[in-house]
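> The structure is given below, and queries will be raised subsequently.
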Amino acid sequence: MWRDVNPRGMIADFREVWNQAGRNRWRIFALSGACTFGVFYVMYQQEGRAPHLPPKVEYISVLPEHRTDAEIIASNIANQKRKEAMALEQARRDQDVRAIYKELGRWSGMDVDKIAREADAEEAARKQAELEKIRKFRAEAEAEAERAAKAKAQAASE
């Protein structure tokens with residue numbers, strides 16, 4: 001490829017263009033220099049960054065690698081007991097807060113017993129709606145299981 005490149009021809013072409021430009025050669029030279037400077041100045045001002053490398057994921061486990069099933073079951077039971085104790089403590093705190101709000105309501109002249117009855121009725125209605133939703137879901141699942149069993153029995157008998 002480089003044997004076809006001749007710098008003497010390039011220099012001769014530049015001289016020919018320079019001589020043809022006549023009196024405007026310095027204006028053309030200044031304009032082309034300004035354009036080149038402007039393009040490089042704009043490129044210099046641009047900030048470009050390469051895409052970030054994907055993060056290196058390190059798995060940290062605080063559990064022993066080769067636990068037995070008995071150890072896993074024991075840790076699950078301990079975690080469940082801890083979770084239940086925290087739920088009981090939270091329920092006790094919620095009850096204390098309700099008692100404080102009831103006292104504050106009484107001082108403010110509200111009928112807190114009526115408000116509590118309405119709240120309990122709303123909670124019971126919500127729980128009843130959830131139970132009905134669960135019953136409906138179970139009934140649909142059982143019906144689907146029966147249809148699948150019938151289809152399977154029918155396919156087996158054919």
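> Identify, please: which residue in segment 30-46 is open to solvent by 100 Å² or more (accessible area, probe 1.4 Å) and not in a loop (DSSP other than H, G, I, E, B) and is, among those, nearest to Trp18 (Cα to Cα)? Write out each step before concluding.
The initial filter retains those residues of segment 30-46 that are open to solvent by 100 Å² or more (accessible area, probe 1.4 Å), namely 31, 37, 40-41, 43-46.
If we keep only those that are not in a loop (DSSP other than H, G, I, E, B) as well, we get 31, 37, 40-41, 43-45.
Numbers: Leu31: 14, Phe37: 20, Phe40: 24, Tyr41: 26, Met43: 28, Tyr44: 30, Gln45: 32 Å.
Out of the qualifying residues, it is Leu31.
> Of a type outside the set (Asp, Glu), in contact with a Gly (Cβ under 9 Å, 6 or more places away or on another chain) and in a helix (DSSP H, G or I): is that true of Ile77 in this structure?
Details: of a type outside the set (Asp, Glu): yes; in contact with a Gly (Cβ under 9 Å, 6 or more places away or on another chain): no; in a helix (DSSP H, G or I): yes.
Against the criterion (of a type outside the set (Asp, Glu), in contact with a Gly (Cβ under 9 Å, 6 or more places away or on another chain) and in a helix (DSSP H, G or I)), Ile77 does not qualify.
> If you check every pair at least six apart or on different chains, which have Cβ atoms under 7 Å apart with a residue in segment 14-37 that is modelled with pLDDT under 85 first and a residue that is of a type outside the set (A, V, I, L, M, F, W, C) second?
Trp18/Arg25
> Give the residues of segment 47-72 that are outside any loop (DSSP other than H, G, I, E, B) and open to solvent by 100 Å² or more (accessible area, probe 1.4 Å), sorted by residue number. Before you say what the answer is, go through the steps one by one.
First, pick out the residues of segment 47-72 that are outside any loop (DSSP other than H, G, I, E, B): 69-72.
Selection gives Asp69 alone.
> Next up: What is the one condition in (1) within 30 Å of Val62 (Cα to Cα); (2) open to solvent by 70 Å² or more (accessible area, probe 1.4 Å); (3) among the hydroxyl-bearing types (Ser, Thr, Tyr) that Ser75 does not satisfy?
Result: Ser75 passes all but (2).
> Suppose we keep only residues that are of a type in the set (Val, Ile, Thr) and open to solvent by less than 80 Å² (accessible area, probe 1.4 Å) within segment 91-133. Which one would you say is nearest to the chain's Cα centre (by Cα)? Steps first, answer last, please.
Within segment 91-133, the first condition is being of a type in the set (Val, Ile, Thr), and the residues that meet it are 97, 100, 112, 115.
This time we only want the ones that are open to solvent by less than 80 Å² (accessible area, probe 1.4 Å), so: 97, 112.
On the way: Val97: 35, Val112: 43 Å.
Of everything passing the filter in segment 91-133, Val97 is nearest to the chain's Cα centre (by Cα).
The values are calculated or read from the model by the stated rules, or taken from the named source; none is laboratory data. Bear in mind the structure is a predicted one, so any value in this text is a computation, not a measurement. For neighbour counting, all protein chains shown are included, and Cβ atoms are generated from backbone atoms with ideal geometry for every residue, glycine included. Protein only, heavy atoms only, side chains kept; ligands, DNA and RNA dropped before computing areas. Shrake-Rupley method; radii C 1.70, N 1.55, O 1.52, S 1.80 Å.
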